[in-house]
1. Treating the beta-carbon of each Lys and Arg as +1 and of each Asp and Glu as -1, no other charges, what is the dipole magnitude of the chain about its Cα centre, to the nearest 20 debye?
2. So what J values fall out for the stretch 245-259 if you push phi through Karplus, 6.51 cos²θ - 1.76 cosθ + 1.60 with θ = phi - 60°, rounded to Hz, Gly and Pro as x?
3. Given a cut-off of under 8 Å on Cα pairs at least six residues apart, what relative contact order in percent is computed for the stretch 89-201?
4. With θ set to phi - 60° and the Karplus curve 6.51 cos²θ - 1.76 cosθ + 1.60, what are the ³J(HN,Hα) couplings of the stretch 185-192 in order, to the nearest whole Hz, using x for Gly and Pro?
5. Would you mind classifying the stretch 137-232 by shape? Square roots of the alpha carbon gyration tensor eigenvalues, ordered a ≥ b ≥ c; an a/c under 1.5 is rounded, otherwise it is prolate if a/b is larger than b/c and oblate if not.
6. Debye calculation, C-alpha points only, no solvent: report log10 I(q)/I(0) for the chain at q = 0.07, 0.09, 0.14 Å⁻¹, in the same order as the q values.
7. Explain nothing, just compute: Karplus ³J(HN,Hα) = 6.51 cos²θ - 1.76 cosθ + 1.60, θ = phi - 60°, for every residue of the stretch 145-158 in order, whole Hz, x for Gly and Pro.
8. Based on a Kirkwood Rh over C-alpha pairs, give the Stokes-Einstein translational diffusion coefficient of the stretch 272-343 at 10 °C and viscosity 1.306 mPa s in µm²/s.
Amino acid sequence: MKILFSKCFTLILGIILFTACKNDTAPVTDHASSNPIFKEDAVLKSLTDEIAKTPAQASLYFERGRTLQKMKSDTLAIKDYKKAATLDSTKAEYFSAVGDLLFENKDITGSIEWIQKAISLKPDDRKAHLKIAKLFLYLQDYPRAFAEINLVLVKNVYDPEAYFLKGMIYKDMKDTAKAISTFETAVQVAPDYREAVVQLGILHSAKGDAIAMKYLDNAYAMDTTDVFPIFARGVFYQEMKDYQKAKAEYRRCIVRNRRYTDAYFNMGYILMQEDSTQKAWRQYDMAIKTDPSNPYAYYNRGLCSEIMDSIANAVNDYRIAQRLDTSYASPKEAIKRLVKQKK
């Protein structure tokens, strides 16, 4: 019996050792193993191979997460950022990266938790304080947003982003005077802070103040790839009922960006005010082609069709608009009106 036991023990020990050897040499897998994207992209493949060799190296997951985020693969990127934070819980940037991406994907509560962790690891991180201030602004928790911004300004009274965020809070609070004053401070501190210049253009435009045009022109000169300032000039003239100048700005906007939906839409609105229904229909049609998910463009194209007695086309557009936005009341009312007319 002793001999038999000895043989069995030797056999079992051999199996255990063999299994252990297999496990030591087996490739380490993570969520990348089941997704072809990690093999198809050269950079991802290289990082994944490195992770397989050193699976405990947090920086590799973080780097792969950044690559995935650039590729708009947010779900996979978050997994890698979280893995990096799990492997090395001392790096604030790992927690901050998760928080940023969760915010972009509208998970506000989750985002706050991760950024607060980043701040606890690095209390003097201005970026983290300003990020969480943005979150509180989104939640309209203004006192906490101001508190985070003021922590940054205590360290650096010349921080333009801090003033810009303060301006956005005042704007959200409908305090236009303070918003303008704070955006002006941001521009004084950093004359090339384009976002603040744009906001000054928007706020002065809403007041009907012609100085808005100066700000909008400056903003466009800073970055001619973004035609929003040109569009905003059109809105200014449109609000002033100067439709010819407004249309000129919208055309200028479209020449520089053929897919600028709002310019087509606003052009359509002006043409309807001028009783150029067929021309307006074409503008709304272009708005739909550039943004097929826009319920307002469908509704207004339908309205043009209805005015031109093309009822079947109007009803079709109203139904699409209703389907795209079930809370949009106008297409529902239009369909009911046309149904009553038939009776």
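1. Result for the chain is approximately 940 debye, rounded to the nearest 20.
2. 5, 4, 4, 4, 5, 5, 5, 4, 4, 5, 4, 8, 8, 5, 10
3. 16 percent
4. Once rounded to whole Hz, the list reads 5, 4, 6, 5, 6, 9, x, 9.
5. Verdict is prolate for the stretch 137-232.
6. -0.50, -0.75, -1.20
7. Along the stretch 145-158, the couplings run 5, 4, 4, 5, 5, 5, 4, 6, 5, 4, 6, 8, 6, 10 Hz.
8. 132 µm²/s
Where a number appears in this text, it was derived from the coordinates with a stated rule and is not lab data. Only a predicted model underlies this, so the values are computations on that prediction, with no experimental measurement involved. Positions of Cβ are backbone-derived with ideal geometry, glycine not excepted, and every protein chain shown enters the neighbour counts.
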